[in-house]
Amino acid sequence: MMQKKGSEPDFSEPWHLSDVVFVVEDKKFHVHKGTLSMWSPVFEKMFSSEFREKSLSEIPLPRKNADEIKEMLLVVYPTSKPISENNCYFLLSLAREYQMEQLTERCEKYLLQREKTPHQAIDFLVLANEFNMEDLCKQCVEIAKHISISELRRQEKYALIAPENGKQLAERRVELLENKILSSEQRVNSVKKEVKDVCEWGVKELARVLYLQKNPEGRRTPRALSDCTKLLEETAQESGEVNVMLQLLCQRFRGIYEPYHA
């Protein structure tokens with residue numbers, strides 16, 4: 001039987017020089033030793049002289065699901081059926097059993113592209129460790145680091161997290177919190193500086209106005225903060241209104257400077 005170019009193989013009948021048959025759940029799959037040997041060292045040995053299957057025209061695959069085996073064949077043959085949510089997980093199991101590293105890599109590539117919440121990332125982290133998918137492990141740790149420790153412990157698969165992955169997760173969580181603290185401190189310091197600048201400007205501006213009231217012809221208004229403060233203190237003894245304003249400014253200054261000298 002000739003397979004149409006570009007069409008999806010059926011495997012139910014001999015086609016294009018197929019040279020071996022897999023028997024799964026009473027279904028027959030006509031396949032090619034060369035193609036499967038390139039994907040799997042297990043199949044390569046199965047077809048070699050070391051195994052009795054070499055001389056068999058039909059090779060049974062016990063305890064396998066026929067639909068899953070067909071799906072695996074469709075993925076590894078040149079038609080290259082894409083990995084999806086429907087086939088990824090059982091293909092990972094088959095890839096591990098038959099040592100099909102390229103198939104595992106294709107499954108991992110699909111899983112890397114899949115969107116994940118921090119909570120879902122824990123489930124995928126366990127899966128990634130089970131099937132030795134290092135890139136997926138790293139991605140899941142980066143996503144899951146946003147979960148608090150208390151939330152993490154409530155996760156259904158918390159106990160299944162591998163010690164090494166748990167260590168990486170804890171380290172990345174600590175780094176995240178440290179960065180948040182540093183960022184918060186920087187924001188607080190920025191606000192304090194802005195308040196400080198405004199207060200200093202207020203002291204100088206008030207001192208300028210008071211100086212000009214006392215010295216209408218004056219040309220050299222006080223500029224240094226200490227001189228402005230001194231003028232305000234002197235004026236506050238004469239004016240209750242100025243005294244109230246001075247006390248408010250002093251409270252603001254204490255709020256800015258005291259944390260640095262605590």
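The values are calculated or read from the model by the stated rules, or taken from the named source; none is laboratory data. Only a predicted model underlies this, so the values are computations on that prediction, with no experimental measurement involved. Backbone-built Cβ (ideal geometry, glycine too); neighbour counts: all protein chains shown.
From the list I69, I83, the one residue that fits, being hydrophobic (A, V, I, L, M, F, W, C) and not in a helix (DSSP H, G or I), is I83.
Look at L125 and say whether it is under 23 Å from I83 (Cβ atoms), surrounded by 20 or more Cβ atoms within 10 Å (Cβ to Cβ), out of contact with any Pro (no Cβ under 7 Å at 6 or more places or on another chain) and not polar (S, T, N, Q). For L125, the condition - under 23 Å from I83 (Cβ atoms), surrounded by 20 or more Cβ atoms within 10 Å (Cβ to Cβ), out of contact with any Pro (no Cβ under 7 Å at 6 or more places or on another chain) and not polar (S, T, N, Q) - is met. So for the stretch 171-186 (the condition being of a type in the set (S, T, Y) and more than 19 Å from D123 (Cβ to Cβ)), does at least one residue qualify? Scanning the stretch 171-186 turns up at least one residue that is of a type in the set (S, T, Y) and more than 19 Å from D123 (Cβ to Cβ). Residues in the stretch 89-99 that are farther than 20 Å from K157 by Cα and part of a helix (DSSP H, G or I): L91, L94, A95, R96, E97.
When you check L73 against the structure, is it touching a strand residue (DSSP E or B) at 6+ places or on another chain (Cβ under 7 Å) and touching a residue at least 24 places away in the same chain (Cβ under 8 Å), yes or no? Yes; evaluated as a whole, the condition is true for this residue. Put simply, of K193, K167, K180, K204 the only residue that is at pLDDT 70 or above, surrounded by 13 or more Cβ atoms within 10 Å (Cβ to Cβ), in a helix (DSSP H, G or I) and basic (K, R) is K204. Do you know which of the residues in the stretch 207-227 that are surrounded by 10 or more Cβ atoms within 10 Å (Cβ to Cβ) and either on the phi > 0 side of the Ramachandran plot or of a type in the set (S, T, Y) (or both) is modelled with the lowest pLDDT? The selected residue is T221.
Beta carbons closer than 7 Å, at least 6 apart along the sequence or on distinct chains, pair a first residue in the stretch 119-137 that is at negative phi with a second that is charged (D, E, K, R) for I122/K157; D123/K157; F124/K116; V126/K157; F131/R96; M133/E108; D135/E108; L136/E108. Can you tell me which condition E108 does not meet? The list is (1) at pLDDT 95 or above; (2) within 16 Å of V31 (Cβ to Cβ), and all the others hold. E108 satisfies all of (1) at pLDDT 95 or above; (2) within 16 Å of V31 (Cβ to Cβ) except (2).
Could you please find all residues in the stretch 100-118 being of a type in the set (D, E, K, R), part of a helix (DSSP H, G or I) and in contact (Cβ under 8 Å) with a residue 12 or more places away in the chain? Listed by number, the residues that qualify are R106, E108, K109. A Cβ distance below 7 Å, combined with a sequence gap of six or more or placement on separate chains, defines the contacts here; from the stretch 164-181, residues that are free of Cβ contacts under 8 Å to residues at least 40 places away in the same chain and among the charged types (D, E, K, R) reach residues that are surrounded by 13 or more Cβ atoms within 10 Å (Cβ to Cβ) and part of a helix (DSSP H, G or I) in the pairs R172/V141; R172/E142.
Each row is one residue, and each column tells you yes or no for (1) farther than 19 Å from F131 by Cβ; (2) of a type in the set (S, T, Y); (3) at pLDDT 95 or above.
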position: K33; (1), (2), (3): yes, no, no
position: S37; (1), (2), (3): yes, yes, no
position: E44; (1), (2), (3): yes, no, no
position: F47; (1), (2), (3): yes, no, no
position: E53; (1), (2), (3): yes, no, no
position: I59; (1), (2), (3): yes, no, no
position: Y77; (1), (2), (3): yes, yes, no
position: N87; (1), (2), (3): no, no, yes
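Any residue in the stretch 134-150 that is in a helix (DSSP H, G or I), modelled with pLDDT under 90 and within 20 Å of the chain's Cα centre (by Cα)? Yes - at least one qualifying residue is present in the stretch 134-150.
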